[in-house]
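This report refers to the structure that appears directly beneath it.
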Amino acid sequence: MNTIGKQVRLGLNGDEAVAYAAYHADVDVISAYPITPQTIIVERLSEFVYNGELDAEFIAVESEHSALSAAVGASLAGARTFTATASQGLALMYEILYIASSLRTSIVMALGNRAFSAPINIHCSHDDAYAARDAGWIQFFAENVQEAYDLTLIAFKVSEDKKVLFPSIVNLDGFILTHSVEPLTIFEDKKEIKEFLPDREAVNKIDPSNPITYGPLALPDYYMEIKKQQAEAFNSTPARIKEVFSEYEEFSGRSYSPLKKLYVDDADIVFVVLGSTAGTMRTMVKKWRKNGEKVGVLSLTLYRPFPSREVAEALKDVDTIVVMDRSYSFGSPGGQLYMDVAAALNKYGRYNRLINAIYGLGGRDFTPEMAEDMLHATKDPSIREIWVGVRG
Amino acid sequence: MIEVRWHGRGGQGTVTSSQLLANAAIYEGKYAIHIPEFGPERRGAPVRSYTRISDEVIEIRYGVINPDIVVVIDPTLLAYKDIILAGLKEDSIIIFNHTDPSNAKPLEGYESYAVDAYHIAMEIIGRPIYNTAMIGALVGVTGIVRLESLEEAVRKRFSGVLADINIKAVRRGAKEVIKVE
């Protein structure tokens, strides 16, 4: 392990960790709506700017729609650009999500995953992450506070790379990660990270002395070709993402990959999960293994582009796959992650038994008892969907 | 792994207590997690918070269900036994705030400790902010972190005079807590 940057171990919550990552990335522009459902992330960053520790433009806008619109302009002008939001805020950004990716900006957004209203909730669901899944943003899921910090730094390097040029979302579970304090290791200062993440070299940036058109009109004669180019470019990003994971490992000593597997290779039952619940499931699976259950956990660090081949390869010989969704896709054949996993398996000619487990909506604490309920459900061949830990 | 559950009311520093304890453990190189439980954020509403401390990586992310230690910051919450005693194990201990510790009684036969955090807070801080005296009591009884580590966490959280008076409250809580017989 060849650690280059000097690091320090301390206790931070997820919000502070992400704020430190954006600070260490030496962002130029932070554009954010500072009120609910915003997290503390941008509040911390505004303090760094106010104290003079971070030389950045902090644009406090009047809505999330404007937050992302301003971020698009800043990113196209060549600035290293950061924003953060959650739930309803992401929903209000929706129109601009597609513009940000289709104009090939390099914005990094932290998303403190929270439930959509109604009822008004503000606690953890993955509604917001899933809502952005088709928009052409790279999406990472952090399972703990360390990953929230690391993936934010990784996201800047990925999104600004000339072979990528797509914006990134770093997901961290609302409250469960944003508000919990955990130990993590961060770089001592922003100068320690410069070698991994040098100043941005923007491509085709806005230059008043050399005006070009961004976001032009493209009617039926060209729109489809442009979209196909965008699709090919987006689908080619995982190769570069994996390289950046390796570069970050050399630099920090911490390794990342698109998916994480525990006991998957010889498992009869595998639980597929996103975010902070992965750690709870790993703990449960280790316990069940001692009782002779051949169980495993597969969690995704890279959610978009969806690592279809790797997921299908990992799950191809598994009897029963429980796909856990912290959201509900009304009227769909299953939850959002369930549909991804089913489609990925189908693409590679596999038709395993799938169970969709809906869990943790609106911050419902996911307990060992609920995990036991899921394991129990796998024993009944008639069960294809369960709502875990729900009354009535 | 040691699991702590904190009971208080909004505005009494319940979440801060759990956070300070987790940070103290992290300074010692241990693994720890502080999990606040957010209900409606209102002054006076009952609030719970959880701390886990371990020598190994902590991967679980749910609230503490079967605490080893329960700390009751707000004395009026002692009346709600179903909440305070929920999930306790036979050998769990309870540390509570009581204006007359020498006349306090153990809760339902559990190993109990009491400290007069009210008077400590009023004498040192001048306001009924009980939490730092209660964390001091927890460390005094259990030694799950060193008092110096806790003081370091307090010093990083508060500045100047506020740090000094809270450290005083921590020390008095640690010294004055007694076992209730």
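I need the full set of residues from the stretch B:27-40 which are in contact (Cβ under 8 Å) with a residue 24 or more places away in the chain and at the interface with chain A (Cβ under 10 Å from one of its Cβ atoms), in order please.
Within the stretch B:27-40, B:Tyr27, B:Lys30, B:Tyr31, B:Ala32, B:Ile33, B:Ile35, B:Glu37 meet the criteria.
Residue check: is A:Ala371 open to solvent by less than 10 Å² (accessible area, probe 1.4 Å) and within 14 Å of another protein chain (Cβ to nearest Cβ)?
Here the answer is yes, as A:Ala371 does meet what is asked.
Taking the stretch B:95-123, which residues are buried (at least 21 other Cβ atoms within 10 Å of the Cβ), without any contact (Cβ under 8 Å) to a residue 60 or more places away in the chain and farther than 20 Å from B:Gly10 by Cα?
Passing the criteria: none in range.
Please list, ordered by first then second residue, the pairs with beta carbon atoms under 7 Å, 6 or more apart or interchain, first in the stretch B:43-60 and among the aromatic types (Phe, Trp, Tyr), second part of a loop (DSSP other than H, G, I, E, B) and open to solvent by less than 50 Å² (accessible area, probe 1.4 Å).
Cβ pairs passing all conditions: B:Tyr50/B:Gly63; B:Tyr50/B:Val64.
A quick yes/no check of all residues on (1) surrounded by fewer than 24 Cβ atoms within 10 Å (Cβ to Cβ); (2) polar (S, T, N, Q); (3) under 13 Å from A:Val181 (Cα atoms):
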residue	(1), (2), (3)
B:Arg5	no, no, no
B:Gly10	yes, no, no
B:Thr14	no, yes, no
B:Leu20	no, no, yes
B:Ala24	no, no, yes
B:Ala45	yes, no, no
B:Val57	yes, no, no
B:Leu77	yes, no, no
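Which numbered condition trips up B:Val145, out of (1) assigned to a helix (DSSP H, G or I); (2) surrounded by 21 or more Cβ atoms within 10 Å (Cβ to Cβ); (3) not hydroxyl-bearing (Ser, Thr, Tyr)?
Unmet condition: (1).
Does A:Ser75 qualify as being in the same structural domain as A:Glu188 (by TED's automatic domain parsing), surrounded by fewer than 18 Cβ atoms within 10 Å (Cβ to Cβ) and either among the small types (Gly, Ala, Ser) or more than 28 Å from A:Ile176 (Cβ to Cβ) (or both)?
In short, no.
From the residues in the stretch A:191-227 that are within 30 Å of A:Gly275 (Cβ to Cβ) and open to solvent by less than 40 Å² (accessible area, probe 1.4 Å), which one is nearest to the other protein chains (Cβ to nearest Cβ)?
A:Glu192
So which residues in the stretch A:332-368 are within 14 Å of another protein chain (Cβ to nearest Cβ) and open to solvent by 50 Å² or more (accessible area, probe 1.4 Å), if there are any at all?
A:Arg364, A:Asp365
Counting only residues that are touching a Phe, Trp or Tyr at 6+ places or on another chain (Cβ under 8 Å) and more than 16 Å from A:Leu262 (Cα to Cα), which one in the stretch A:306-323 is most open to solvent (accessible area, probe 1.4 Å)?
In this case the residue turns out to be A:Arg309.
Counting just the residues of the stretch A:131-181 that are assigned to a helix (DSSP H, G or I) and within 17 Å of A:Arg104 (Cβ to Cβ), which one comes out most open to solvent (accessible area, probe 1.4 Å)?
For the stretch A:131-181, the residue satisfying everything is A:Lys157.
Among the numbered conditions (1) assigned to a loop (DSSP other than H, G, I, E, B); (2) within 25 Å of A:Lys379 (Cβ to Cβ); (3) modelled with pLDDT of 95 or more, tell me where A:Leu345 comes up short.
Among (1) assigned to a loop (DSSP other than H, G, I, E, B); (2) within 25 Å of A:Lys379 (Cβ to Cβ); (3) modelled with pLDDT of 95 or more, A:Leu345 violates only (1).
I'd like to know if the stretch A:292-300 contains one or more residues that are among the basic types (Lys, Arg) and under 18 Å from the mean Cα position of the chain (by Cα).
no
When A:Ile41 is evaluated against the numbered criteria (1) closer than 29 Å to A:Thr185 by Cβ; (2) touching a residue at least 40 places away in the same chain (Cβ under 8 Å); (3) among the aliphatic types (A, V, I, L, M); (4) open to solvent by 10 Å² or more (accessible area, probe 1.4 Å), which criterion, by number, is the only one it fails?
Here A:Ile41 meets the rest and fails (4).
Confirm whether A:Val264 is farther than 24 Å from A:Arg104 by Cα, surrounded by 15 or more Cβ atoms within 10 Å (Cβ to Cβ) and within 14 Å of chain B (Cβ to nearest Cβ).
So A:Val264 does not fit the description; no.
Out of B:Ala79, B:Ala117, B:Ala24, I need the residue that is away from chain A (no Cβ under 14 Å) and under 18 Å from B:Gly173 (Cα atoms). Which one?
Among B:Ala79, B:Ala117, B:Ala24, only B:Ala117 is away from chain A (no Cβ under 14 Å) and under 18 Å from B:Gly173 (Cα atoms).
Here's a check for you: in the stretch A:44-55, which residue that is assigned to a helix (DSSP H, G or I) and touching a residue at least 24 places away in the same chain (Cβ under 8 Å) is least open to solvent (accessible area, probe 1.4 Å)?
Only one residue fits best here, namely A:Leu45.
Mind checking whether some residue in the stretch A:215-235 is in the same structural domain as A:Ser168 (by TED's automatic domain parsing), touching a residue at least 40 places away in the same chain (Cβ under 8 Å) and among the hydroxyl-bearing types (Ser, Thr, Tyr)?
no
Mind listing just one residue for me: the one in the stretch A:160-190 that is within 14 Å of chain B (Cβ to nearest Cβ) and polar (S, T, N, Q) and, of those, farthest from A:Tyr248 (Cα to Cα)?
A:Ser180
The values are calculated or read from the model by the stated rules, or taken from the named source; none is laboratory data. All of these numbers come straight from a predicted model, not from anything done at the bench. Cβ coordinates were reconstructed from backbone atoms using ideal geometry, including for glycine residues, and neighbour counts include every protein chain displayed. Surface accessibility is based on the protein's heavy atoms, side chains included, excluding ligands, DNA and RNA. Shrake-Rupley method; radii C 1.70, N 1.55, O 1.52, S 1.80 Å.
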